[in-house]
Amino acid sequence: MKFLLKFLSALILLNILFYLYLLVYKNISYPFQAGPQFDDNIRTNYQDYINENHPSMVLIGDSMLQRGVNSDKLGQELNQKILNIALPGSGSTLWYLIIKNDILLASTPPAYLVLFFRDSELTAPGLRVQGQYLEQIDEFAASSDRLLIQRAYINQMNPMEIMAEKYFPPYSLRWKIRSTLDYYIRYSLPTYILACPQTCTNQAMARLFGENNLEPKILSNAIDAGDDFLYTNKALNFNQQVEISFLPEIIRLCRENHIQLIAVQMKTLRFPKASLEPPTLKSYRVDLKEYLQKNNSIYLDFSNDSYIHNNLFFDPLHFNDEGKEVFTDLLAKTLRPHLR
Amino acid sequence: MSFTGLAFWVFFAFVLIVYWSIRERRWQNAFLLLASYLFYGWVTPWLAFLLGISTLADFLLSRSMHEKPARTRLFMGLSLLINLGVLAFFKYYNFFSLDLAKLADTLGFGGDFLLVKVFLPAGLSFFTLKKLGYMIDVSRGTLQPTSTLVDFALYVAFFPQIVAGPIDRPQKLLPQIESQRKWNTQYFFNSWPLLIMGLFKKVVIADSVKVIVDHIYSLNQPTLLLLSMGALAFTLQILADFSGYTDIARGLALLLGFDTTENFNFPYLALTPGDFWNRWHITLSIWLRDYIFFPIRRELMRSRIKFPQWLVLTLPPIVTMFVSGLWHGAGWTYIVWGLYYGVLISAYQLIGIRNDVKPKSYIMTGVAWAIMFCFIVFGWAIFRAPSLNWLLNIFWSLQFNTKPDENTIALIALAITIFYSTPLIIKMLADRYLARDSFLHAVYYALAVLAIAVYINSSSPDFIYFKF
């Protein structure tokens, strides 16, 4: 009992010290707000590009877009000026922010917005928003983006997590604490011993852990594990997920700004044959198609396209060089009838 | 259900409240058994069915051995067939499926159906050993089989232990199951430090170090330097992960009124390989010693054929560790790792270094420790390798010259290992030199709680030993 009391005293004391530090030095009020706090510094490079170059079509996606579409070739085939926003590691939350806080603030928004996604990604607001992805989100999020905080963060928490975020300082600041610790652990020794500071170290990591250096099977398993989130029963329940995702907002923003939204469902090797797909995934796609068409959006489904063979892939998600060219041709052919 | 997920703690809180509201021991056991099956079958219900069927089979066979001792060998043989057959199928089928499919094709049958992936039930290796130990003791006459199916089933399926041990012997756990249990606040006072340390080791240390280990081991061909740093980091990761899990398991068991066996005793302080296995996964070591090592050695010593002394010294540890390697996984790396320790133990014995050797000076102790630690890290390098080919390629290439990128990453791996091993070293020193209920200990646990709050994720990678 005595030891328990000592422990509880130490815990309370440490928390009080933490809280006082935040109050005095960081000027943060208590209880804290659940979810991350964003400032109003927003990147405007896409807006600037649009203002300068007036592209008629904007492509948005993650590394699947980067490795899957030759936008110069696509632009020539379709006779369109194209802006390609391919951000590896991004998800529908970041795409929503880029559309809302950057693209739509351009003087002449594009005529077409093409989103490249896989399976339930468009209705997964909690995907790729935490940890290292928070930095990307921060670049495009404003302090007034309450919907972002609610749908991408608070909705993903259980009641205990929300309480801990509000009342328990270490939990509330955990991402900041971890990134600070990670900074010192990761960069100290290389900086002092090898005179290789942060940028140099990051470049070394990017070079060494580039996909050409990785064991294909391990890379494939890691990709599959990272995407498990998209194939849970909850994620594949379209009707439940859509209202708490950013898809309705993306559709609304496009409609209000007279932009034709085109959603491109990409093929992956997670289920190499249609017969291996779970029934929930099939019914999700049916529901998604209906929803998009009901909201005057175009849905292009390449998930089981017979022209896209498995040997066009470098890994379960990304095309190889040949696959990129094949898919670009296919995309151009499929998109052409939909363009005004 | 993972021990680090909220769903598990809600489940456990409910179980705890209901369990201690029940006065009658039989109903307590029945409820705990129900909870254990619910826990085990949470994600995949048919696993609970498999567990139930195999448990029932062993219960009936053990009762038959007791009632018809003349047929003990037959019943023991059946039990071995069932337990080892199930284990072999689920664990090793995928290892051989490609070769089986090729053979089927050669023989003219379509072999594609043999390529289906068989999913390994969590904890299968652990509860199989528990059941086998029970059956062997009954067959030897050193244990009276329990007459209550519920008690036996609870011994096998006890949920704090079912997925990754400790592999408690029936002599330890069954008497507690068969005894009356009343709530005692001491259960709580003894368990909360274990729970905090377990979560701290798992969530803060193991999961953080795992990131760099996975990165290094995902490379096509890392240099020897990178492999060394990756192996060093993995040495920390696996200890934190597995001992963390065991701490949580013991803490949970204590809250339910059960005292379970400690599974780790500062294994990286070992001076000899035998000593290492007396400190690492202690319950497995004891199992292997009692059911593999001693019987083999006894047979060699009692045999009418006079075997040479070197064979009597070396064959038992090599076979025992080979079995240990097989038990850990279906892969050549596990087999080689097991044999590696078998050869190491044999070598130490052949040159006359006993397991409990105590060098005369601090310097000699330091040298002995450093050598053994290098052996341990090398062993983990084999264990963690994605394949034997991968490992051999690294050694054959003998890439000592490193590029700047590799040096940078090696330093990062070293920094991570040093940083995350520091709390464990501090704890070890605090336990050795301070009173267990000192204020500094209390501060340590408080900091551990804060660290858990900072590091806990809503989805956490599973324990390494989960799939064994």
> Any idea which of A:Phe238, A:Phe229 is more than 10 Å from every other protein chain (Cβ to nearest Cβ), among the aromatic types (Phe, Trp, Tyr) and either within 30 Å of A:Pro278 (Cα to Cα) or touching a helix residue (DSSP H, G or I) at 6+ places or on another chain (Cβ under 6 Å) (or both)?
Replying inline: A:Phe238
>> Kindly evaluate B:Val15 against the criterion of being on the phi < 0 side of the Ramachandran plot, hydrophobic (A, V, I, L, M, F, W, C) and modelled with pLDDT of 95 or more.
In response: yes
> Would you call B:Ser303 free of Cβ contacts under 8 Å to residues at least 40 places away in the same chain and closer than 30 Å to B:Asn29 by Cα?
Replying inline: no
> Can you tell which of B:Ala35, B:Ala30 is more than 14 Å from chain A (Cβ to nearest Cβ), touching a helix residue (DSSP H, G or I) at 6+ places or on another chain (Cβ under 7 Å), over 25 Å from B:Leu194 (Cα atoms) and hydrophobic (A, V, I, L, M, F, W, C)?
Replying inline: B:Ala30
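Counting residues that are within 22 Å of B:Tyr348 (Cα to Cα), which helices (runs of 4 or more DSSP H) fully inside the stretch B:216-301 reach at least 2?
Correct list: B:273-279, B:282-288.
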> Of all residues in the stretch A:141-177 being over 28 Å from B:Leu450 (Cβ atoms), assigned to a helix (DSSP H, G or I) and not hydrophobic (A, V, I, L, M, F, W, C), which is farthest from the other protein chains (Cβ to nearest Cβ)?
Replying inline: A:Arg146
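Among the residues of the stretch B:73-91, is any among the basic types (Lys, Arg), within 24 Å of the chain's Cα centre (by Cα) and more than 24 Å from B:Val150 (Cβ to Cβ)?
Yes.
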> Mind checking which residues of the stretch A:178-221 are touching a residue at least 60 places away in the same chain (Cβ under 8 Å) and more than 7 Å from chain B (Cβ to nearest Cβ)?
Replying inline: A:Glu211, A:Pro216, A:Ser220
> Name the residues in the stretch B:432-456 that are facing chain A (nearest Cβ under 7 Å) and not in a helix (DSSP H, G or I), would you?
Replying inline: B:Asp437
>> Just to be sure I understand the filter: pairs with C-beta atoms under 9 Å, separated by 6 or more residues or on different chains, first member in the stretch A:305-317 and on the phi > 0 side of the Ramachandran plot, second member of a type in the set (Gly, Ala, Ser) and buried (at least 19 other Cβ atoms within 10 Å of the Cβ). Which pairs pass?
In response: none
> Looking at A:Ala204, A:Ala195, which one is modelled with pLDDT of 90 or more, surrounded by fewer than 16 Cβ atoms within 10 Å (Cβ to Cβ), small (Gly, Ala, Ser) and within 30 Å of B:Thr402 (Cβ to Cβ)?
Replying inline: A:Ala195
> Within the set of pairs 6 or more residues apart or between chains, which connect a residue that is over 18 Å from B:Lys427 (Cα atoms) inside the stretch B:250-266 to a residue that is part of a loop (DSSP other than H, G, I, E, B) with Cβ atoms less than 6 Å apart?
Replying inline: B:Arg250/B:Thr260; B:Ala253/B:Thr260; B:Gly257/B:Arg181; B:Thr260/B:Pro166; B:Thr260/B:Asp168; B:Thr261/B:Pro166; B:Thr261/B:Asp168
>> For the stretch A:167-190: of the residues being surrounded by 17 or more Cβ atoms within 10 Å (Cβ to Cβ) and hydroxyl-bearing (Ser, Thr, Tyr), which is nearest to B:Asn407 (Cα to Cα)?
In response: A:Tyr187
> Which members of the stretch B:350-385 meet the condition of being in contact with a helix residue (DSSP H, G or I) (Cβ under 6 Å, 6 or more places away or on another chain) and assigned to a loop (DSSP other than H, G, I, E, B)?
Replying inline: B:Asn355, B:Pro359, B:Ala385
>> With crowded, with 18+ Cβ neighbours inside 10 Å, at pLDDT 90 or above and away from every other protein chain (no Cβ under 12 Å) as the only criterion, which of B:Leu429, B:Leu424 stands out?
In response: B:Leu424
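Take the residues in the stretch A:1-40 that are polar (S, T, N, Q) and without any contact (Cβ under 8 Å) to a residue 40 or more places away in the chain; name whichever of them is nearest to the other protein chains (Cβ to nearest Cβ).
Filtering the stretch A:1-40 for residues that are polar (S, T, N, Q) and without any contact (Cβ under 8 Å) to a residue 40 or more places away in the chain, the one nearest to the other protein chains (Cβ to nearest Cβ) comes out as A:Ser9.
Conditions (1) crowded, with 22+ Cβ neighbours inside 10 Å; (2) under 30 Å from B:Met135 (Cα atoms), marked per residue:
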| site | (1), (2) |
| --- | --- |
| B:Ile167 | yes, yes |
| B:Trp183 | no, no |
| B:Gln186 | no, no |
| B:Ser191 | no, no |
| B:Asn220 | no, no |
| B:Leu224 | no, no |
| B:Gly230 | yes, no |
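The values are calculated or read from the model by the stated rules, or taken from the named source; none is laboratory data. Everything numeric here is computed off the predicted structure, so don't read it as measured data. So basically every Cβ, Gly included, is an ideal-geometry build from the backbone, and we count neighbours across all protein chains shown.
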